[in-house]
Amino acid sequence: MKAEMSVMLNVTDVDRSVQFYTALGFDVRWETKGDDGRLDYAGVGIGDAVIALGRIPQDRRGMAKDYADWVSTPLGAGVMVTVELDEVEEIHQRAKRSKAPIDSPLSERLYGTAFLVNDPDGYVVRFLRPKGVYA
């Protein structure tokens with residue numbers, strides 16, 4: 001069975017987030033602009049991994065309460081996104097060149113080779129080459 005997964009992150013500035021992720025090697029899969037010309041939504045991907053980015057509306061009137069509550073939670077709170085790929089060293093070099101905030105340096109761990117970065121809204125992104133997967 002083949003399965004794919006994507007994640008959606010609420011962000012304060014989609015344009016800024018797209019710039020952050022493309023500097024790490026992601027490409028833009030889709031974009032939707034609002035009436036003000038700013039990005040409301042975008043999808044960035046690397047390989048089969050996709051991260052959707054959505055702008056939090058300033059005016060939350062008229063929203064369903066559960067959605068309004070969801071987008072009101074602190075951004076990045078307790079969320080880690082893991083991107084599994086072979087080229088973890090290449091992405092680490094891109095992160096260093098772009099001055100992305102590296103939270104944990106590239107290192108060998110029990111489960112593979114990995115490093116962590118913090119995105120502009122405080123989400124932790126782990127880039128990982130699992131042991132024995134890409135050999």
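Kindly indicate the residue of region 1-27 that is surrounded by fewer than 14 Cβ atoms within 10 Å (Cβ to Cβ), more than 22 Å from Val88 (Cβ to Cβ) and of a type outside the set (Lys, Arg) and also modelled with the lowest pLDDT among those meeting that condition.
Residue satisfying both the conditions and the ranking: Met1.
Any residue in region 109-129 that is over 22 Å from Met5 (Cβ atoms), at pLDDT 95 or above and of a type in the set (Lys, Arg)?
Within region 109-129, not a single residue is over 22 Å from Met5 (Cβ atoms), at pLDDT 95 or above and of a type in the set (Lys, Arg).
How about region 28-70: which of its residues are surrounded by 12 or more Cβ atoms within 10 Å (Cβ to Cβ), among the charged types (D, E, K, R) and modelled with pLDDT under 70?
The answer is Arg60, and nothing else.
If I ask for residues that are among the hydroxyl-bearing types (Ser, Thr, Tyr) and either closer than 25 Å to Arg16 by Cβ or outside any strand (DSSP E or B) (or both), which ones from region 88-129 would you list? Show your work before the answer.
Initially, region 88-129 is screened for residues among the hydroxyl-bearing types (Ser, Thr, Tyr), giving 98, 104, 107, 111, 113, 123.
Hits for region 88-129 are Ser98, Ser104, Tyr111, Tyr123.
The values are calculated or read from the model by the stated rules, or taken from the named source; none is laboratory data. Remember, predicted model here, so these are calculated numbers, not experimental data. Neighbour counts are summed over all protein chains in view; Cβ atoms, including those assigned to glycine, are modelled from backbone coordinates with ideal geometry.
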